[in-house]
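Trainee: I am attaching a structure below and will ask some questions about it afterwards.
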Amino acid sequence: MSEPAVSFLVPVYNSTHYGADYLPKLLQSIQAQAFGDFEVLIGDDASTDGTIELVQPFLSDVRFRLFRKTQNRGLHHNLVSLLEKARGQFWCPPGQDDILHPQFLEKRIPIFMSHPSAVVLHGATIWIDENGKPYVSDFTRRVLPELNRRLPASMSGERMLRILLQHNIVNWPSALVRMDATRRVLPYFTPRWVWAMDWMLWMLLTANGGDFLWDSEPLMNYRMHKQSISGSPQNEAVRQMERKLAPLYTLSVTSAFSARTKTIWLEQRLRLYRWWLITTVTLKRKGVLKQSDLLLAAAAFHGTPVASISLASELFHHGIPMIFQYGREKFARRRQIMQVSGLSLIDDPLFQKKLK
């Protein structure tokens, strides 16, 4: 069997919980692609509802394959399992509630093929709500159009890494990713986070030195609803933990195999660690802070494993500098068009209210 150009990876679990017609609409939109050289790998993470029945009609198309797990292992494990099975030159991870436009591949594959040094191509999206209507918020009305306008068609991996340390600007389901670059960083694609999973992968890929491409034409509908990972208010504290820890941890990991990234890690690790420690106060109060998270952060800061750590001792040691950094962070945020999830002090022009 010849290798396809693109592998669509669709991890699913209890899809009817999101909406009975969401997953079929996604699969129909993939099937309707004008560029037909693809495979679709659907990974069912031991669903207990009617997800399999939703998928079944599409399996008559030889490009669609279903892989069922008998034990629920989580989104990260499901995605990695599909990546290991994928045969495409590029891969794409649309959400099970999103919709691709028919020209999604037809227009973006040629862009990618014309840039052999690029590792990721991401693009603009149309945000919709659970009923398929435009999703309107301050972010989609004011911030997103400005970010989309500012993004260059091509960006070096080094600048992208600095931007990612400030905020994850890559919309996961809109991305096409080069498979060989992904396989090189896959061994480092841990721990198994949920909300920072894609953020971590983009930072890992920057260490390869490849460019990130941007397509300003919206070629997919990105759905926001109460059950989606992006839209759910549940587990906000855990989401906050991952988002503060991911830049520090991933930067430390990439510094082990990238000299350029190591330089950035040495520049930013202290500020990233203190920003993480500021967050631990809130996490501790909410009862979601784990000792394993403290050890992971300390190891990422020092560059070596840490056997034990005392939060009280770390807060005492970094306390006064943390207070000053918190003030500087708040001042930096006032100059930016949005509240970033990472380190505001990097202050890339992409996020500044007034471009210099």
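The values are calculated or read from the model by the stated rules, or taken from the named source; none is laboratory data. Predicted model, so just to flag it, every value in this text is computed and none were measured. We place every Cβ from the backbone using ideal geometry, glycine too, and count neighbours over all the protein chains shown.
Trainee: Do any strands (runs of 3 or more DSSP E) lying entirely in the range 1-117 carry at least 3 residues that are surrounded by fewer than 18 Cβ atoms within 10 Å (Cβ to Cβ), and which ones are they?
Mentor: Where strands (runs of 3 or more DSSP E) fall fully within the range 1-117 and carry at least 3 residues being surrounded by fewer than 18 Cβ atoms within 10 Å (Cβ to Cβ), they are 64-68.
Trainee: In this structure, does Asp198 turn out to be in contact with a strand residue (DSSP E or B) (Cβ under 9 Å, 6 or more places away or on another chain), outside the structural domain of Arg335 (by TED's automatic domain parsing) and touching a residue at least 12 places away in the same chain (Cβ under 8 Å)?
Mentor: It is false that Asp198 is in contact with a strand residue (DSSP E or B) (Cβ under 9 Å, 6 or more places away or on another chain), outside the structural domain of Arg335 (by TED's automatic domain parsing) and touching a residue at least 12 places away in the same chain (Cβ under 8 Å).
Trainee: If you take the residues in the range 297-356 that are basic (Lys, Arg) and in contact with a Ser or Thr (Cβ under 9 Å, 6 or more places away or on another chain), which one is surrounded by the fewest Cβ atoms within 10 Å (Cβ to Cβ)?
Mentor: Top of the filtered list is Lys330.
Trainee: Counting just the residues of the range 145-180 that are in contact with a helix residue (DSSP H, G or I) (Cβ under 7 Å, 6 or more places away or on another chain) and polar (S, T, N, Q), which one comes out nearest to Met113 (Cα to Cα)?
Mentor: Asn168
Trainee: Taking the range 144-198 as the search range and keeping residues that are among the β-branched types (Val, Ile, Thr) and modelled with pLDDT under 95, which one is surrounded by the most Cβ atoms within 10 Å (Cβ to Cβ)?
Mentor: Val185
Trainee: So Gln89 passes all but one of these: (1) modelled with pLDDT of 95 or more; (2) within 20 Å of Leu151 (Cβ to Cβ); (3) over 16 Å from the mean Cα position of the chain (by Cα). Which condition number does it fail?
Mentor: With (1) modelled with pLDDT of 95 or more; (2) within 20 Å of Leu151 (Cβ to Cβ); (3) over 16 Å from the mean Cα position of the chain (by Cα) applied to Gln89, the lone miss is (2).
Trainee: Here's another thing I want to ask about it. Taking Glu242 as the residue in question, decide whether it is surrounded by fewer than 19 Cβ atoms within 10 Å (Cβ to Cβ), modelled with pLDDT under 95 and among the acidic types (Asp, Glu).
Mentor: So Glu242 fails the test.
Trainee: Do we have any residue at all in the range 93-110 that's farther than 29 Å from Gln336 by Cα, free of Cβ contacts under 8 Å to residues at least 60 places away in the same chain and in the same structural domain as Phe35 (by TED's automatic domain parsing)?
Mentor: Yes, there is a match, as at least one residue in the range 93-110 is farther than 29 Å from Gln336 by Cα, free of Cβ contacts under 8 Å to residues at least 60 places away in the same chain and in the same structural domain as Phe35 (by TED's automatic domain parsing).
Trainee: Going by the structure shown, is Ser15 within 16 Å of Arg223 (Cβ to Cβ), in contact with a His (Cβ under 9 Å, 6 or more places away or on another chain) and of a type in the set (S, T, N, Q)? Don't jump to the end; show me each part of the working.
Mentor: Numbers: within 16 Å of Arg223 (Cβ to Cβ): yes; in contact with a His (Cβ under 9 Å, 6 or more places away or on another chain): no; of a type in the set (S, T, N, Q): yes.
It is false that Ser15 is within 16 Å of Arg223 (Cβ to Cβ), in contact with a His (Cβ under 9 Å, 6 or more places away or on another chain) and of a type in the set (S, T, N, Q).
Trainee: To continue, here is another question. Testing Pro233 on (1) of a type outside the set (S, T, N, Q); (2) surrounded by 19 or more Cβ atoms within 10 Å (Cβ to Cβ); (3) modelled with pLDDT under 75, one condition comes back false. Which one is that?
Mentor: Against the list (1) of a type outside the set (S, T, N, Q); (2) surrounded by 19 or more Cβ atoms within 10 Å (Cβ to Cβ); (3) modelled with pLDDT under 75, Pro233 comes up short only on (2).
Trainee: Out of all the residues in the range 55-81, which are hydrophobic (A, V, I, L, M, F, W, C) and either touching a Ser or Thr at 6+ places or on another chain (Cβ under 6 Å) or under 30 Å from Pro191 (Cα atoms) (or both)?
Mentor: Val55, Phe64, Leu66, Phe67, Leu75, Leu79, Val80
Trainee: Give the range 127-145 a look and list any residue that's within 17 Å of His101 (Cα to Cα) and either basic (Lys, Arg) or in contact with a Pro (Cβ under 9 Å, 6 or more places away or on another chain) (or both), or say none.
Mentor: Within the range 127-145, Trp127, Ile128, Lys133 meet the criteria.
Trainee: Let me ask something else about it. Looking at (1) acidic (Asp, Glu); (2) closer than 25 Å to Ala118 by Cβ; (3) without any contact (Cβ under 8 Å) to a residue 40 or more places away in the chain, which is the one condition that is false for Asp21?
Mentor: Evaluating Asp21 over (1) acidic (Asp, Glu); (2) closer than 25 Å to Ala118 by Cβ; (3) without any contact (Cβ under 8 Å) to a residue 40 or more places away in the chain leaves (2) as the failure.
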